[in-house]
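Trainee: Before I ask anything, let me first share the structure, which is written out below as C-alpha cells.
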C-alpha cells in the first residue's frame, strides 16, 4: 500500500491510495471518521446568581437557551489538540481525576447585550494558554439580551468519535476508484467523440488545438459514464473504468488537528490495529 499526496492544506487533503484493496480503503475511511483522538469539551458547569459587569452593574447569570443546548454547542467547538501533550483520562496517572496531562479548563464570563462567541471561551492557566484557544473564533454560542450574563467553566478531555461525534476530527471523508479513462487515438478527432465531452457533468475532457479530445482532469471523473453512454458504448471511442487497486481520497478536518496530523494518526491507528489482530490470530 502506497500513498501519493495530491493536495495537503491546513484543514483538507487529497491523496491517492495505491496498490491497495476496497477493504483497506474502507478501513482507512472508517479510521479517519471514528478512531482519531482529539480534545473536546465534555463537562460544563454553569454558575448561577449575579455577575458583576465591567461597567460595575449587576447582571443575572441567565440566557435565553436551556443550559443543555449551550453545553452541547460548547461540546461541538473545535478544541486544538496536541497528541504529544495530552492523553485520554483512562490512561492518565491522575486516574481520571483531571490534570494538565488529560484535560483543559476553559471559562466564559460575559454580559449582555452581546453575542457569545467561541473566542469568549478562555483557557485557564499555563504559559501556552493562547495555543489552547478555540480554533474558530467566530462560532456563535448564545445571544445575551440586556441584564443577562453567562458564567461557566468547561472541561475538555480526549476521546474518539466512537463515543460521540464531538470527538470527530475528520469530516467529508470519501473515496472512489481511481478513474481509468481511455480515448481511442484513431477516433479522438471524430465529431461525435469530441461532442460527447459536453455530456460530462464534471468537465473532465478538453479539446486541444488540433481538435483532438483529451483528458483534462481525470480525478474529477465520477465514473458516471455519461460520455460512454452518449456514444452508445465503450467501443465507440471512449472507455471509462474504475481501478479497484487505486483510490482517490479526500477529507477535511474541524481544525483541532491539521490534515497531515490526521492522516498520519489514522495510518498509525490502522497499523497498530492490524498488528494487534495478527498477534491475536497467532495466539489462536
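Every number here is computed from the coordinates shown, using simple stated rules; none is lab data. This is a predicted model, so every value here is computed, not measured. Here Cβ is always computed from backbone atoms with ideal geometry, including for glycine, and neighbour counts include all displayed protein chains.
Trainee: Estimate the FRET efficiency between residue 5 and residue 69 by the formula 1/(1 + (r/R0)^6), using the beta-carbon distance for r and 35 Å for R0, to the nearest 0.05.
Mentor: 0.30
Trainee: Also, I was wondering about something else. Could you tell me the extents of the range 147-284's C-alpha atoms along the three principal axes, largest first, rounded to whole Å?
Mentor: 69, 66, 24
Trainee: Angle check, please: helix 22-34 long axis (alpha carbons) against the longest principal axis of the chain (alpha carbons), in degrees 0 to 90, nearest 10.
Mentor: 20 degrees
Trainee: Mind checking the alpha-carbon convex hull of the range 38-166 and giving the volume per residue in Å³?
Mentor: It comes to 112 Å³ per residue, whole-number rounded.
Trainee: Here's something else I'd like to know. If each DSSP helix of 4+ residues adds -39,500 (n - 2.57) and the sum is divided by the residues in the chain, what number results at 222 nm, nearest 500 deg cm²/dmol?
Mentor: Roughly -6500 deg cm²/dmol at 222 nm, from the helical runs in the chain.
Trainee: To test your reading of the geometry: what angle, between 0 and 90 degrees and rounded to tens, separates the Cα axis of helix 259-283 from the longest principal axis of the chain?
Mentor: Tilt of helix 259-283: around 80 degrees.
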